[in-house]
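Engineer: Input: one structure, supplied below.
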Amino acid sequence: MIGKIKEFNFKSLLILNTFALIVTSYFFNNFICIGVYTLFFFISLFITKKGLRIIKKLNLLQNIRSEGPANHFKKINTPTMGGIFMIIPFLIFLLIITINSSSPKLLLLLFTIFGFFFTGFLDDYLSIKNRKNTGLKSKEKFFLQSIISIIFIFLAYENDLINPLITITESWEIDTSIFIFPISFLLLVGISNSVNLTDGLDGLAAGCSGIVFYGLGTEILMKEQKELFVFSVLCYAMSGICLGFLKYNSYPAKIFMGDTGSLSIGAILGSIALLTNSVFTLSIFSGIFIVESLSVMIQVVIFKITKKLFHRGKRIFLMAPLHHHFELKGVKEQKIVGNFWKINILLVILGIVLKINL
């Protein structure tokens, strides 16, 4: 069915995601999730529309890196930092729930997301101020991400909020022991940067994020643990936010999320997965993010090795991340994004099927 759709665009994804949520709500006899998703979809639509005007007035416009694909220069001066209008409503919602529940897990989640949000905001602000496509230096950004992640991991482990026994199925667990520390660190920092790298085409990161949040919310719901239900609600809220933002972020994008949005989205996914013991399924759902990140690492490693051996660096891809490779191969941006969305949907289906049958 998906393969027959000539142009898998924003409307196609919205219809499919909403239909999946209705089916999920009916199956679990719980319509809170579809209600929260719908509410935040419209909140995101409204705030992004209003926020777009504010960003234009403040002249917060995107800079394009010179080494990127040539056709991206037409995107210069597109309003950016749209992640503000995605993450702030979520943080307010999370703060209200945290105050009412006094949950240490939610409090830690709030701290972590705010930390990554601040890092992304600072990076975007400096990028605009310096009129370059990079704000914080890579080392500075990694340092801030590392500090926040280490604090999260330490507090979570000390208060028994993360489990070294990573659940694959109800009857199959892997005891990671002390390796839960590097696994947690790689998940938080890795997913955050992977979403950031994926955010290179109109609607790519926002669409994939909306799909992954639906998958993660459903997987948590399948655990049938009352104390984890709130995390499922939070995931569905973010799914609605991502798709509401996608209305203005899909090709041709009227606004970009910037690092403010992408770094925060990755942190939300990673921290929720750790707090709900959903690391295994998130690694499947986030296949697009992971492949995008791996393509960059492979490109850099191969280039450096071949340069050292042959005094001339060789590349596996025409350009990394992977979506730029397909761009330079002549594939239209809308088609690349649509195909990546389709693959992400299949990965979510795969993850849920494995969860049920293994």
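Engineer: Compute from the Cα atoms of region 10-283 the Rg and the Dmax, the latter being the longest Cα-Cα distance, and quote both in angstrom.
Structural biologist: Answer for region 10-283, Rg first and Dmax second: 18.2, 56 Å.
Engineer: What distance in nm lies between label points placed 7 Å from Cα along the C-beta direction at Phe42 and Phe118?
Structural biologist: 3.5 nm
Engineer: How high is the relative contact order of the chain, given as a whole-number percent (alpha carbon pairs under 8 Å, six or more residues apart)?
Structural biologist: Averaging sequence separation for qualifying contacts and normalising by length gives 24 percent for the chain.
Engineer: Another question, then. Are there trypsin sites (Lys or Arg not before Pro) in region 134-176 that DSSP marks as loop and that have at most 16 other Cβ atoms within 10 Å, and which are they?
Structural biologist: Lys137
Engineer: I would also like to ask the following. Summing -39500 (n - 2.57) over the DSSP H runs of n ≥ 4 in the chain and dividing by its residue number, what mean residue ellipticity at 222 nm do you reach, to the nearest 500 deg cm²/dmol? Could you put the intermediate results ahead of the total?
Structural biologist: Values: 13 runs with 252 residues, N = 358.
When only DSSP H runs of four or more count, the value is -24000 deg cm²/dmol.
Engineer: What spacing in nm lies between the two simple spin-label points modelled at Asn159 and Trp172, each 7 Å away from Cα in the Cβ direction?
Structural biologist: Distance between the two pseudo-spin positions: 3.3 nm.
Engineer: Taking N as the number of residues in region 278-358, what is its alpha-carbon radius of gyration divided by 2.2 N^0.38 Å?
Structural biologist: 1.38
Engineer: On to the next question. Given the Cα-Cα distance of Leu61 and Lys254 and 0.36 nm per residue of separation, how much length would full extension add, in nm? Intermediate results must be reported in sequence, preceding the final value.
Structural biologist: On the way: separation 193, 0.36 × 193 = 69.48 nm, distance 1.09 nm.
Difference between extended and current length: 68.4 nm.
Engineer: Looking at the chain, which longest stretch skips every one of the chymotrypsin sites (Phe, Trp or Tyr not before Pro) that is in a DSSP loop with at most 16 other Cβ atoms within 10 Å, leaving the sites themselves out?
Structural biologist: 32-358
Engineer: Sorted from fewest to most neighbouring beta carbons within 10 Å, what does the list Val195, Val296, Val36 look like?
Structural biologist: On the way: Val195 31, Val296 18, Val36 22.
The order, fewest Cβ neighbours first, is Val296, Val36, Val195.
Engineer: Shifting gears a bit: With label points built 7 Å along Cα→Cβ from the Cα atoms of Asn77 and Phe303, find their separation and express it in nm.
Structural biologist: About 3.0 nm, to one decimal.
Engineer: I would also like to ask the following. Over all alpha-carbon pairs in region 145-253, figure out the percentage whose distance exceeds 20 Å.
Structural biologist: When every Cα pair of region 145-253 is considered, 55 percent fall beyond 20 Å.
Engineer: Same structure, new question: How many Lys pairs in region 86-158 lie less than 26 angstrom apart by Cα atoms, where the lysines are 8 or more positions apart or on different chains?
Structural biologist: Qualifying lysine pairs in region 86-158: 5.
FYI, it's all coordinate maths here, none of it is from the lab. Because the structure is a prediction, the values reported are computed rather than measured. Methodologically, a virtual Cβ is constructed for each residue, glycine included, from the backbone with ideal geometry; neighbour enumeration extends over all protein chains shown.
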